[in-house]
Amino acid sequence: MAVFKELRCLQINLDRRRVATDLLYQTIREQDIDVVLGQEPNQALKNVIRDNDDGAFIWLKSGMRAKSIHRDRGFVAVELGRFTLVSVYFSPNKTTGEFEAMINRLDNFVGGMDGRRVLIAGDFNAKCQIFGSGVRNAYGRVLEEFVEARELTPHNNGGEWTFGNKNGRSVIDVTMSGAIVARMGMEPKL
């Protein structure tokens, strides 16, 4: 979770599970969450803005209105006030070329606005050292180039893994922001 001045944001991957969706609704109530930047939604999840591939979503608290909405393959974005929030999901089953194409679309979107006022959170399935991973995969190389070119600030701790299963743990769910958002004192909390 990130406290974004007075905007309380939560990033979560639901792994398309109903029980995770139920826990999300409980967490929203208990933590007074304003915005959820999520990945892999379950069909039970209602009243969300989804990307064109149904892998990323954004949930807004009742009464919040987006100035604009952008849906694409692999990501969805909303403009709230002076800031843009982006949720990303990229399947590990796709090719590096497909990942590069999605990152290029994301780069074009961010480049078409004030990239200093953006918060991007997602499950990129990319392993790279700038987010604290001990290794780098092909997706990670592409993601690092995007982050550096857009001068984004990574917010992952590096000492904390964001995904784990019987095969191990990794940092593939990441959060990054433009300079103005980073200076506002975003406080990542897991």
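The values are calculated or read from the model by the stated rules, or taken from the named source; none is laboratory data. Bear in mind that the values here come from a model prediction, so they are computed numbers and not experimental data. Every residue, glycine as well, gets a Cβ built from its backbone with ideal geometry; the counts of neighbours run over all protein chains shown.
Kindly list the number of the only condition in (1) more than 19 Å from Gly38 (Cβ to Cβ); (2) touching a helix residue (DSSP H, G or I) at 6+ places or on another chain (Cβ under 6 Å) that fails for Lys67.
For Lys67, the failing item is (2).
Across the range 60-104, which residue is surrounded by the fewest Cβ atoms within 10 Å (Cβ to Cβ) among those that are polar (S, T, N, Q) and over 21 Å from Arg8 (Cα atoms)?
Top of the filtered list is Asn93.
Restricting the search to the range 135-147, which residues are surrounded by fewer than 17 Cβ atoms within 10 Å (Cβ to Cβ) and out of contact with any Lys or Arg (no Cβ under 8 Å at 6 or more places or on another chain)?
Ala138, Arg141, Glu145
Quick check on this structure: which one of Lys127, Lys94 is in contact with a helix residue (DSSP H, G or I) (Cβ under 8 Å, 6 or more places away or on another chain) and assigned to a loop (DSSP other than H, G, I, E, B)?
Lys127
Does Gly55 satisfy being in contact (Cβ under 8 Å) with a residue 24 or more places away in the chain and at positive phi?
no
Residues are listed down the side, and each one gets a yes or a no for (1) farther than 21 Å from Thr27 by Cβ; (2) at pLDDT below 95; (3) of a type in the set (D, E, K, R):
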site	(1), (2), (3)
Trp59	no, no, no
Asp72	yes, no, yes
Phe83	yes, yes, no
Phe90	yes, yes, no
Glu100	yes, no, yes
Leu106	yes, no, no
Gly111	yes, yes, no
Gly115	yes, yes, no
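If the requirement is being at negative phi and touching a Gly at 6+ places or on another chain (Cβ under 8 Å), which of these qualifies: Tyr139, Tyr89?
Every option except Tyr89 fails the conditions.
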